[in-house]
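These notes are about the structure you will find just below.
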Amino acid sequence: MNRFIKSVSRRTFLQGTAAGVGILAAPAIISSKALAASGELNFMGWAGYPELAATVFPAFEKATGIKVNFNEQPDQDAMFAQAKLSLQTGAIDVCEPTVDRIGGWASNGLVQGWDTSKLSLDNYLPGLADGAMGEMATVDGKRMIVLSVWGTEAIVYSKADAPTEYGKASLGDLFDPKFEGKVCIRAHSGLAAMGRWLDAEGKLPKPWLDSYKDEATMKELWDIALAEAVKHKANVAQFWKGENEAQAAYRTNGAVIGLNWDSTGYNLRADGFGYIAPKEGAFAWNQGFALMANAKNVEQAHEFAKWVATPEGSAAWAKAFSANPVAKGAIDLASAEVKEFYNSALPGDATQKLWWWPEQQAWFIKLRGEYADKFIAA
């Protein structure tokens, strides 16, 4: 899946992950139409990222005159449910799911295509609006999602209680008996980690990636992963769904190792924790903006997506998520602290081993949820 950004150096990209606080004062290149815009935008996105409301949305409002009303949700399942409700209420204009889920949103009639003539697709780094990623973002000939940020899900570890290093850290560590009662994982990610680990060890009848292609293969392989994961469920100190829960697992609930987003690792760096890609390859994700099928503020939505594709907007968005920007020039606004974090998290050949979440259709999401529930209830 790492062919998605084959034309951009991941090492260079990672070195330009986020901007310092001062970038929000820099003048963004905004169209005269945007400057003349007014009104508001109803945006539904991820909870646990306070800098969005504190600095990013005010910067967008200053640049365009458009006020953002922020509806925070802990995870994509919650977003999906709220988006369905919004088909009746019209309360949401723009959502921020991940690209691998956009097919399911489209098949459920939740989103409409963007008018690409009103965006600035040339502003994106090569591979993020074109190529395979452009194809994945397109459903029935319509661009259903435009990228906002990308990042990883890898190993968070206590430097004191679970020290490790690149080449040694493994997805299998999550299931090591020595970490009983000390692991923090998201249920479905934990099952995928088990599946990928078993695959790497040659213990699956088919490649793990095949489980995303059809229901029969999915059930065959996820049955195996679930059975093995349940054997090690005593390891789990806490299942997480959102950023706030993940951080709490380490700070207050005794977790010393886990599988979490890079933002979690970054936010815990001052608490004695490190963040490193497993030798099997870090999970990698892209998220972006989807326009609701019944959006009320369509022009404002386009200005919003276009602003986040400017160097300043992209850098600010990435900084809020402690993740990677999508726009050309955003890397030039990087902070030294974030560069250091990502260089240490993804050293050597780690960027070549990134494992991008495959496309996940509605049928897969439904079954995946059932398997996650079984894991939690076991």
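The values are calculated or read from the model by the stated rules, or taken from the named source; none is laboratory data. Fair warning: this is a prediction, and the values are worked out from it, not measured in the lab. All Cβ positions, glycine included, derive from the backbone under ideal geometry; neighbour counts span all protein chains shown. We work out accessible area using only protein heavy atoms, side chains counted, and drop any ligands, DNA or RNA first. Shrake-Rupley method; radii C 1.70, N 1.55, O 1.52, S 1.80 Å.
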Taking protein heavy atoms only, a 1.4 Å probe, and rounding to whole percent, the accessible area of region 44-120 owed to carbon and sulfur comes out at 51 percent
If you take the Cα Rg of the chain and divide it by 2.2 N^0.38 Å, with N the number of residues, what do you get? 0.95
Cβ-Cβ cut-off under 11 Å around F239, Lys and Arg +1, Asp and Glu -1: the net charge is +1
Take every DSSP beta bridge whose two residues both sit in the chain, then give the antiparallel share in percent to the nearest 5. 60 percent
Hits for the chain under the membrane-span-like helix rule (DSSP H, Cα axial span at least 18 Å, Kyte-Doolittle mean at least -1.0) are 76-89, 187-200, 215-231, 362-377
P(r) over all Cα-Cα pairs of region 91-196, 10 Å bins from 0 to the longest distance, whole percent per bin, short to long, reads 11, 33, 22, 21, 12, 1
Cα-Cα longer than 31 Å, checked against K241/K339; K213/K233; K84/K328; K62/K339; K213/K279; K168/K339, kept in input order, equals K84/K328
Note down the relative contact order for region 108-157 as a percent, whole number, built from C-alpha pairs under 8 angstrom at least six residues apart. 39 percent
Have a look at F80, V94, A63 and report the one farthest towards the positive end of the charge dipole of region 48-99, computed about the Cα centre with Cβ charges (Lys/Arg +1, Asp/Glu -1). A63
Per residue, how much accessible area does the chain show when a 1.4 Å probe rolls over the protein heavy atoms, in square angstrom? 38 Å²
Nearest-20 debye value, region 137-229 charge dipole, Cβ charges on Lys, Arg, Asp, Glu: 320 debye
Over region 200-281, with every protein chain in place, what whole percent of the accessible area is carbon and sulfur at 1.4 Å, could you tell me? 49 percent
Phi to ³J(HN,Hα) by Karplus 6.51 cos²θ - 1.76 cosθ + 1.60 over region 266-274, Hz, x for Gly, Pro: 5, 6, 9, 4, 7, 9, x, 10, x
Placing unit charges on C-beta atoms (Lys and Arg positive, Asp and Glu negative, everything else neutral), compute the dipole magnitude of the chain about its Cα centre in debye, rounded to 20. 200 debye
Grab the alpha carbons of region 207-272, take their convex hull, and tell me the volume per residue in Å³. 110 Å³
Please work out how much length the chain gains when fully extended from N343 to S117, using 0.36 nm per residue of separation minus the C-alpha to C-alpha distance, in nm with one decimal. 77.7 nm
Excluding W197 itself, what net charge comes from residues whose Cβ is under 12 Å from its Cβ, given Lys and Arg +1 and Asp and Glu -1? -3
Descending accessible area (1.4 Å probe), largest on the left, turns R368, R269, R143 into R269, R143, R368
HN-Hα J in Hz across region 142-148 - Karplus 6.51, -1.76, 1.60, θ = phi - 60°, x for Gly and Pro: 10, 6, 8, 8, 10, 5, 10
Evaluate Rg over Rh across region 130-192, taking Cα atoms for both radii and Kirkwood's formula for Rh. 1.18
Starting from the amide H of A162, placed 1.01 Å from N in the peptide plane, find each other amide H under 5 Å away whose residue is 5 or more places distant or on another chain. none
Please list the non-local residues whose amide H lies under 5 Å from the amide H of W46, H modeled 1.01 Å from N, same-chain partners needing a gap of 5 or more. Q73
Once amide H atoms are placed 1.01 Å from N in the peptide plane, what residues at a sequence separation of 5 or more from W356, or on another chain, have their amide H within under 5 Å of its amide H? N2, A284
Restricting to Cα atoms and excluding each atom paired with itself, what does the Kirkwood estimate give for region 262-365 in Å? 15.9 Å
Semi-axes of region 27-146 from the Cα gyration tensor (sqrt of 5 times each eigenvalue, largest first, whole Å) come to 23, 20, 14
Specify which residue in the list N343, W105, A246 is farthest towards the positive end of the charge dipole of the chain, using unit charges on the beta carbon of Lys, Arg (+1) and Asp, Glu (-1), about the Cα centre. N343
